[in-house]
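The values are calculated or read from the model by the stated rules, or taken from the named source; none is laboratory data. None of these values were measured; they are calculated from a predicted model. All Cβ positions, even for glycine, are placed from backbone atoms using ideal geometry, and neighbour counts span all protein chains on display. For the accessible areas, the whole protein counts, side chains as well, though only heavy atoms, and no ligand, DNA or RNA atoms are used. Shrake-Rupley method; radii C 1.70, N 1.55, O 1.52, S 1.80 Å.
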Amino acid sequence: MSFFILLPQTTTAASTQIMLDNQPIEGAGDVMITNQTTMVPIRVISEKLGYNVKWKKSDQQVTISNPSATIKLTVGQSNADSTRGNVVLEQSPFMKSNTTYVPLRFVGTEMGLKVKWDNTSKTVHLEKVTAGPDTNNGVTPDPNSTTIEGISYSDNRLMISSSDKVNPVDSVLTNPNRIVIDLPKTSFGAGFLQGTELKQGEVGTIPVTGSADVKQIRYSIFSSQPSQVRVVIDLNQSKSYKLYQQNDLTFVDLNTTATTKPVGSGGKKVVIIDPGHGDTDSGGIGATGVLEKNVVLNVGNKVAALLKKESQIDLIMTRTDDTFIPLDSRVKIAEDANADVFLSIHGNAAPNKDASGTETFYADTKRSKLLSDIIQKHVLAATGFKDRNSKQANYLVIRKTTMPAALLEIGFLTNKTEESIMVQDDFQNKVAQAIVAGLKEYLNIK
Ligand SMILES: [Zn+2]
């Protein structure tokens, strides 16, 4: 019952529009006006604006960050921590139907956006302020500043994505068999370490299932002065491999047919599967507490298992474990790989518990509508949920990618019935098969 206490009396659902750099943020939805303050669900902050959002349930605290600023807000509290110190909010964050609402103007301003309110059209205009030529103060970047933004394993291939070029040093060790990849002058990106705070010598693990060769992937900060990340592939048996790089992606390919040619060589189509959220960014929280990040990772890994058998598709996963990859890094992985198709997989959430159905989004009509239409058709047939259609929206990962890109919302986790179906293994298999069928139809692969 706590939300009756926390939800301020003057709250009304609003038809307020949000524009980012003069582009409407479609589907931002569920904007509330409270005491004349525009309040938005935190998923708008993470998915539409692309900032890192960390939710600490025990403290009811939201941490929002980008590379230059961090703010901390607490449900029901009018004080917030910002890079400027402690500040008083126009309106405290509140919870409504399992969704945390935060004041848009405050968050936007703190994250470095210009925020303007047009009262006639009831529109919030957000503008990215471009840094002037003299903001760098002549400071040269730290030579150790190359960061590891993501590590995933799919298609018998390890992928390491970094902010810049890395010079990997690989070696083979036995007893037990393993491949060691050292990445001199690198550290982990802030996003990757959300919630893990890996210190020197500590080890993170990516479980690998269904591989005859690979047991697991481990990663650690091998040394801190100079900073060096080490990634280890633990093998079941000794295995040859090829190491190659494409832009800022480093691949360790264990396929017997592996060459050192870039991904997609030999006429293969490069497909990026992007399970949304991860780590401390749980995504939507279901009616009984099922976390979106887990459902979409399961579906993504099932898609990966199916695509492994497709000889004409070269698959890259943005994540294959419970790590968080910043949205811009997901885009960068796709761009660095010169991907042919990008598909982000999500589960929906809404304050209205009755909201239901499957929907797929595209950002650009010319480039991506066909992909979105085809994915929607196949997945809808698999879910049997209400048809919410293939439609336009400005989610960051589909707006910034330059290849055909779509974002699938399988169903509503906040709908108790759909949540109970979406956690089922059989259902997830069916959805994964439908996604693969859709991708193959779009890519014209028989
Ligand atoms: Zn999502």
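The table below lists the values:
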{"quantity": "Selection from Ser211, Ser163, Val231, by position along the positive dipole direction of the stretch 141-257 (Cβ)", "calculated": "Ser211"}
{"quantity": "Solvent-accessible heavy-atom area per residue, rounded to whole Å², over the stretch 289-446 at 1.4 Å", "calculated": "35 Å²"}
{"quantity": "Only Lys, Arg (+1) and Asp, Glu (-1) charged, at Cβ; the chain dipole about Cα centre in debye", "calculated": "440 debye"}
{"quantity": "Convex hull of Cα atoms in the chain, direction-averaged projection (nm²)", "calculated": "22.2 nm²"}
{"quantity": "Gained length - Lys377 relative to Thr123, 0.36 nm times residue gap less alpha-carbon distance", "calculated": "88.1 nm"}
{"quantity": "Cα-centred dipole magnitude for the stretch 365-446, charges only on beta-carbon of K, R (+1) and D, E (-1), debye, nearest 20", "calculated": "520 debye"}
{"quantity": "Dipole moment magnitude, nearest 20 debye, the stretch 141-257 about Cα centre, only Lys, Arg, Asp, Glu C-beta charged", "calculated": "260 debye"}
{"quantity": "Under Karplus coefficients 6.51, -1.76 and 1.60, residue-wise ³J(HN,Hα) of the stretch 53-61 in Hz, glycine/proline x", "calculated": "10, 10, 10, 9, 4, 4, 9, 6, 10"}
{"quantity": "When the stretch 141-257 is reduced to its Cα atoms, the Kirkwood hydrodynamic radius in Å", "calculated": "14.4 Å"}
{"quantity": "Positive-pole candidate from Thr417, Gly300, Thr256, dipole of the chain, charges at beta carbon", "calculated": "Thr256"}
{"quantity": "Expected 222 nm ellipticity per residue - DSSP helices of 4 or more, -39500 (n - 2.57), all of the chain, to 500", "calculated": "-6000 deg cm²/dmol"}
{"quantity": "Difference of contour (0.36 nm per residue) and Cα-Cα distance, Lys309 to Glu441", "calculated": "45.9 nm"}
{"quantity": "Estimated distance in nm for a label pair at Asn352 and Val88, the labels positioned 7 Å out from Cα along Cα-to-Cβ", "calculated": "3.8 nm"}
{"quantity": "Inter-label distance, nm, simple model (7 Å from Cα along the C-beta direction), Asn175/Asp59", "calculated": "4.8 nm"}
{"quantity": "Residue among Trp55, Ile151, Met317 farthest towards the positive dipole end of the chain, charges placed on Cβ", "calculated": "Met317"}
{"quantity": "Greater than 30 Å apart at Cα, pairs in Lys293/Lys377; Lys242/Lys309; Lys269/Lys353; Lys369/Lys430", "calculated": "Lys269/Lys353"}
{"quantity": "Surrounding net charge for Val295, when Lys and Arg each add one and Asp and Glu each subtract one, Cβ distance under 13 Å", "calculated": "-4"}
{"quantity": "Peptide ranges 229-242, 153-166 listed from the most packed, as the mean C-beta count within 10 angstrom indicates", "calculated": "153-166, 229-242"}
